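I have placed the structure first, in the form of structure tokens, so that the comments after it can refer back to it.
The values are calculated or read from the model by the stated rules, or taken from the named source; none is laboratory data. Bear in mind the structure is a predicted one, so any value in this text is a computation, not a measurement. Please note: Cβ atoms are built from the backbone with ideal geometry, for glycine as well, and neighbour counts cover all protein chains shown. The accessibility values were calculated without ligands, DNA or RNA, using every heavy atom of the protein model including side chains. Shrake-Rupley method; radii C 1.70, N 1.55, O 1.52, S 1.80 Å.
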Protein chains: 2
Amino acid sequence: MSKQVLPIVDADAACCAPLACEPLSESEAAELAPLFKAIADPVRLRLLSLIACHEGGETCVCDLTAAFDLTPPTISHHLKVLKQAGLIDSERRGTWVYYWINPAVLARMSALIGPASPALAGTG
Amino acid sequence: MSKQVLPIVDADAACCAPLACEPLSESEAAELAPLFKAIADPVRLRLLSLIACHEGGETCVCDLTAAFDLTPPTISHHLKVLKQAGLIDSERRGTWVYYWINPAVLARMSALIGPASPALAGTG
DNA sequence: CTTCTAATTTGACACAGGTCTAGGCAAGGG
DNA sequence: CCCTTGCCTAGACCTGTGTCAAATTAGAAG
């Protein structure tokens, strides 16, 4: 059942190591790429956005499915991808399943590509 | 020959509209997803990193090729993907071709997923 | 002009990934 | 108990993509 994969990159270690400080190692790149791949899809990007701005911070799958011209299995597939990447988490309450954002992983990704270094800020 | 595609999203309009302010529209998601797809690959992530932290802010292709166990055509392919997404730009000087980062697009992407809103900061 | 090196383009291949239909499992109501 | 609703899984299909070998273009040097 819960085939939940732990977030590949722990966000605590992401204080100040953006893309341009020093070259990414092969293994670092291999860990980070799947995170970006998870959001590199229009449907998943919108799903993430819908969940993130929903009041209460969590959203029922039924609300998400209704926002797309896609079948429920397809939405379920995309939610699974996001969850396995560690970007969202979920819980069943009665008949419905609710999803919410894991902000730490998003923040880690943002910091990596963010303009936090001379090279990326264009002064290099 | 320069089939350079202009950056899909103009970074100037990216002051304060992260993922969680309001749901992404279908067209916004369709424009943004290719940007993340461009960096959703270990090789391209490392390429971007190598270019970003290279002294002078630009890197010769020969230096990039030497950093991977991949053939030159493959590196060239990945550079093309990054360039068409607007993340990097290039220029030929004599025998060699140099690449550099376009920091505005990276910054735009970072801001989108960054912890700039209550919902993503975990207070929602 | 010829030759050498640097980088890209082309074509082919195998694998990954998005979508659907069909089927299965859980929870609630007769 | 059976039936309905909500969600997920399994399998199939087709497209997209990463990789390489071979061929091509661009510039520099003899």
query = For the cross-link pairs A:LYS83/B:LYS83; A:LYS80/B:LYS80; A:LYS37/A:LYS80; A:LYS80/B:LYS83, which exceed 25 Å when the distance is taken from alpha carbon to alpha carbon?
reply = A:LYS83/B:LYS83; A:LYS80/B:LYS80; A:LYS80/B:LYS83
remark   = For A:SER76, inter-copy label-point distances (7 Å, Cα→Cβ), nm, shortest first, read 4.6
ask   = Each residue of the range B:102-108 in order: what ³J(HN,Hα) in whole Hz does its phi give by Karplus 6.51 cos²θ - 1.76 cosθ + 1.60, θ = phi - 60°, with x for Gly and Pro?
value = 9, x, 4, 5, 4, 4, 4
ask   = Counting only heavy atoms of protein chains, what accessible area per residue, in Å², does the range A:25-113 have with a probe of 1.4 Å?
value = 43 Å²
query = Roughly how big is the B-A contact, given as buried accessible area in Å² (both sides, 1.4 Å probe, nearest 100)?
reply = 3100 Å²
ask   = Using a label point 7 angstrom from Cα along Cα-to-C-beta, what distances in nm, from shortest up, separate A:GLY56 from the other copies?
value = 5.8
request  = Compute the label-point distances linking A:SER25 to its equivalents in the other copies; points lie 7 Å from Cα along Cα→Cβ; give nm, one decimal, shortest first.
outcome  = 4.5
Most to least accessible of A:SER90, A:SER49 (protein chains only, probe 1.4 Å) = A:SER90, A:SER49
query = Which residues of the range B:91-109 bury at least 10 Å² of accessible area once all protein chains are present, versus their chain alone (1.4 Å probe)?
reply = B:ILE101, B:PRO103, B:LEU106, B:ALA107
ask   = Averaged across the residues of B:26-38, what count of C-beta atoms belonging to other chains lies within 10 Å of each residue's C-beta?
value = 5
key: Expected-Rg normalisation [2.2 N^0.38 Å, Cα atoms] applied to the range A:25-113   = 1.11
Nearest-0.05 FRET efficiency for A:HIS77 and B:ARG93, computed from C-beta distance (R0 41 Å) = 0.30
